[in-house]
Amino acid sequence: MTKPFPDTMDFAGFNQPSRVECDIYDLVIEGELPAEINGHWFRATPDPQYPPMLGEDTYLSGDGMVSCFRFENGHVDFKSRYVMTERLKAERAARRSLHGKYRNPFTDDPTVAHLIDRTVANTTPVWHGGKLLAIKEDGLPYELDPYTLETIGRYDFGGKLRSQTMSAHVRIDPETGEMFCYGYQAGGLASRDVAFCVISRDGELVREEWFQAPYAGLMHDFAVTREHIIFPVFPTIADKARIEAGGDFWRFEQEEKAYVGIMPRNGTVDQIRWFTQPACSSFHFMNAFTEGSKVHVDFGKSKCPPFPFILAASGMSFDPTTLRSAYVRWTFDLASPEDRVEERVIGPAGDFPRVADRDHMRDYRIAYYQTFDPKVGPPVIAGPVGVAFNTLMRLDVTTGEVQRYSPGRGKSIQEHIHIPSSQPDHEGYLAFVVDLHDTGLSEVQVLAAARPEEGPLARIQLPLRLRCQVHGNWVPASDLPLP
Ligand code: V55
Ligand code: FE
């Protein structure tokens, strides 16, 4: 018998597991959905099949559920399927959870000790080189059929990839089509090995170069410019002895420094130059670009990681007011031998930064990201951090001007995507799932990216609750034809 899920933040309210694999044809739409929006919006959501074996767990451990909104000429269809990982297959066969703590194999049921990895592939759906990959940073990607969302299997770039892991965040050069990514703890649990990888436009692994990070830090995202690769390492650190003793995977070490490694894109990993800063944290990078000898990196900087389970393991507690500081630009001058970083505030605190795909890696003006604004309403629980965002922002990084949109009290928003327009001088659209806490259902809102404050052009209604996605990506019909 499958018992109820625990009554904790990670599994209650809007975070209740949904576990629904479904197809919905022609969702009901209020307003006018622009007919030029054609393509697939893939989303990855942790959605645990079984209640945690040890009684509690973090949201981030949930089995990967990939869903897709397919937009075609003013119509939208929906589909959701589990990623059939080795882990989920073993658990379905046993009809119960067999895995213990987050990323800790020493806490698992002995019957799953033979599995190559325990990834749940729940973080990002990546479309590149004609393949749809579902990735979590603790294991190899899983390849999915982009039309049926059926799992094809674990993907190692045709046997070429040596790293045991692959980053959930990748960077795709809009000019060359190359995909940049990396695996951290590439050589094993809590190792300092990082495998820097480049995948050609047509999906071939053309570079895999290993280096040692200063410590086994949580490397969730990185940044790439036309000339440089930037590897930030913040002191949320794994410790092998602690993990082997059945302890927590991550601890935020306030006494450690943060490091940023910068290498020339046409160079090699032995040319990485490390800069240091006092301990801080960031999960996502907005954009980066090189200007002469200077490298600019834009991101949301906070004092410590936001996830309650990491804070608890570090003897800290969640405090949304002190956690977040601001969006900053770090500028590194490679012409200077000094270990110096110039920091400038570019925008309010928040997360889920996204720029138009074509703006990646170069000097840019517009970014879209999210924040929690207490003036809109009291905090509502949804997603892995607990307090969900309720406000979407459009930031002009050159002027600091911010436009805001909030769907209102009792509603929270999930990570947005940006959809380019084919019309000249049109900034495109933003689309995101809105959690309707009063009805327990979800809807999608579509806004004009240039004027988010004007509110939705269209609202796409769902007859169910969509658990909070971690990340999603838009794939235009020009890259993946509609079936
Ligand atoms: C993140 C998400 C993860 C994870 C580690 O968003 C970091 C950050 C969904 O899983 O395992
Ligand atoms: Fe992320």
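One table, with the values for the structure above:
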{"read-out": "Test: residue in the stretch 77-89 that is part of a helix (DSSP H, G or I), basic (Lys, Arg), over 23 Å from the mean Cα position of the chain (by Cα) and modelled with pLDDT of 95 or more", "value": "yes"}
{"read-out": "Residues of the stretch 83-112 satisfying the condition of being under 19 Å from residue 151 (Cβ atoms), within 16 Å of ligand 1 (Cβ to nearest atom) and touching a residue at least 40 places away in the same chain (Cβ under 8 Å)", "value": "83, 85, 99"}
{"read-out": "Which listed residue, of 151, 119, is within 16 Å of ligand 2 (Cβ to nearest atom) and touching a residue at least 24 places away in the same chain (Cβ under 8 Å)", "value": "119"}
{"read-out": "Identity of the residue in the stretch 192-230, more than 16 Å from ligand 1 (Cβ to nearest atom) and of a type in the set (Phe, Trp, Tyr), that ends up farthest from residue 301 (Cα to Cα)", "value": "210"}
{"read-out": "Residue selected from the stretch 282-303 under the condition of a type in the set (Lys, Arg) and in contact with a Phe, Trp or Tyr (Cβ under 9 Å, 6 or more places away or on another chain), by the criterion farthest from residue 350 (Cα to Cα)", "value": "294"}
{"read-out": "Filter pass, residue 133 being farther than 19 Å from residue 383 by Cα, touching an Asp or Glu at 6+ places or on another chain (Cβ under 8 Å) and without any contact (Cβ under 8 Å) to a residue 40 or more places away in the chain", "value": "yes"}
{"read-out": "Subset of the stretch 180-210 that is among the aliphatic types (A, V, I, L, M) and part of a loop (DSSP other than H, G, I, E, B) - its residue that is surrounded by the most Cβ atoms within 10 Å (Cβ to Cβ)", "value": "186"}
{"read-out": "Tally of residues being touching a Lys or Arg at 6+ places or on another chain (Cβ under 6 Å) and more than 16 Å from ligand 1 (Cβ to nearest atom) across the stretch 179-191", "value": "1"}
{"read-out": "Evaluation of residue 306 against (1) modelled with pLDDT of 95 or more; (2) within 16 Å of ligand 2 (Cβ to nearest atom); (3) in contact with a helix residue (DSSP H, G or I) (Cβ under 7 Å, 6 or more places away or on another chain) (one fails), failing number", "value": "(1)"}
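The values are calculated or read from the model by the stated rules, or taken from the named source; none is laboratory data. Computed from a prediction, not measured in an experiment: that's the story for all the values here. Reconstructed Cβ throughout: ideal geometry from the backbone, glycine too, with neighbour counts over all protein chains shown.
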